[in-house]
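One structure is given below, encoded as structure tokens.
The values are calculated or read from the model by the stated rules, or taken from the named source; none is laboratory data. In this text, all values refer to a predicted model and were calculated from it rather than measured experimentally. Backbone-built Cβ (ideal geometry, glycine too); neighbour counts: all protein chains shown. For accessibility, only protein heavy atoms count, side chains too; no ligands or nucleic acids. Shrake-Rupley method; radii C 1.70, N 1.55, O 1.52, S 1.80 Å.
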Amino acid sequence: NAGVTQTPKFQVLKTGQSMTLQCAQDMNHEYMSWYRQDPGMGLRLIHYSVGAGITDQGEVPNGYNVSRSTTEDFPLRLLSAAPSQTSVYFCASSSGAGGYTFGSGTRLTVV
Amino acid sequence: KNEVEQSPQNLTAQEGEFITINCSYSVGISALHWLQQHPGGGIVSLFMLSSGKKKHGRLIATINIQEKHSSLHITASHPRDSAVYICAVEGATNKLIFGTGTLLAVQP
């Protein structure tokens with residue numbers, strides 16, 4: 001099925017551990033982005049990319065890294081997990097004219 | 001002040017009622033999006049608007065660019081419409097700014 005595939009769905013990390021959240025899309029969308037969703041707050045942009053080899057910071061980039069080596073993949077790396085990074089993470093892609101497609105989300109708990 | 005404000009924050013309706021959710025924004029936009037998120041679920045795009053009105057089934061979305069306001073209407077509401085509805089505005093750089101959402105509960 002065409003869309004955005006996000007893995008894993010759930011993850012528990014210990015403080016200080018690192019991990020990568022995977023995001024892949026098969027719609028040939030140029031624009032991809034990562035968001036975090038916290039209770040009582042709207043989704044907030046972490047990092048985004050307008051095409052392969054191009055990434056930029058969003059509203060809350062600290063503690064996260066991204067890369068975009070291909071059009072399809074846009075992984076999000078947590079360098080040294082902290083309890084403040086406990087959240088639900090969503091990846092999304094967009095062609096610009098056709099709206100956004102979101103992944104199913106990753107529920108991350110940092111203990 | 002948030003750049004995107006939604007009202008109401010919570011809404012309870014009886015099955016069959018006509019529902020309106022409002023979104024006001026304070027920035028220049030290239031498009032406005034309405035999204036739906038079921039409890040514990042993923043996010044689904046309902047509408048992308050840059051002007052006028054769009055309709056899909058029982059859902060209608062309108063936007064007034066001059067007043068910087070959009071509404072999402074649900075006709076003949078059903079319990080399966082219970083979800084969080086999120087308004088998001090898109091600027092020239094494709095970045096989205098989200099409202100905090102409206103939690104809708106439709107009771108049978």
Requested in this report: Run the accessible area of chain A with a 1.4 Å probe and give the carbon-and-sulfur part as a rounded percent.
Outcome: 50
**Report entry** Paramagnetic label zone (point 7 Å from Cα along Cα-to-C-beta, B:THR75; backbone N under 19 Å) in the range B:1-37
**Finding:** B:14-22
Report summary line: In the neighbourhood of B:ILE21 defined by beta carbon distances under 14 Å, the net charge of the other residues (Lys, Arg +1; Asp, Glu -1) is -2
Query raised in the report: To the nearest 0.05, what FRET efficiency results for A:GLU30 and A:SER80 with a Förster distance of 30 Å applied to their C-beta separation?
Result: 0.45
Requested in this report: Go ahead and run the numbers for FRET between A:SER18 and B:SER30, Cβ-Cβ distance against an R0 of 35 Å, rounding to 0.05.
Outcome: 0.45
Report task. Place a +1 charge on the Cβ of each Lys and Arg in chain A and a -1 charge on the Cβ of each Asp and Glu, then give the dipole magnitude about the Cα centre in debye, rounded to the nearest 20. Result -> 400
Report task. Starting from the Cα-Cα distance between B:LEU103 and B:GLN9, subtract it from 0.36 nm times their residue separation and give me the gain in nm to one decimal. Result -> 33.2 nm
Requested in this report: Can you tell me which of A:88-100, A:13-25, A:64-76 comes out highest on packing, and rank the rest after it, using the mean Cβ neighbours within 10 Å?
Outcome: A:88-100, A:64-76, A:13-25
Query raised in the report: Under a 1.4 Å probe, what is the accessible area of chain B per residue, stated in Å²?
Result: 48
Query raised in the report: Normalised by the residues of chain B, what does the relative contact order come to in percent, with Cα pairs under 8 Å and at least six apart?
Result: 37
**Report entry** Accessible area that becomes buried as B packs against A, both chains, 1.4 Å probe, Å², nearest 100
**Finding:** 1400
**Report entry** Number of partner chain Cβ atoms within 10 Å, mean per residue of B:36-43
**Finding:** 4
Query raised in the report: By its C-alpha gyration tensor, with a ≥ b ≥ c as the square roots of the eigenvalues, how is the protein assembly as shown shaped: rounded for a/c under 1.5, else prolate for a/b larger than b/c, else oblate?
Result: prolate
Query - Mean accessible surface per residue for chain A, computed with a 1.4 Å probe while every protein chain stays in place, in Å² - result: 46
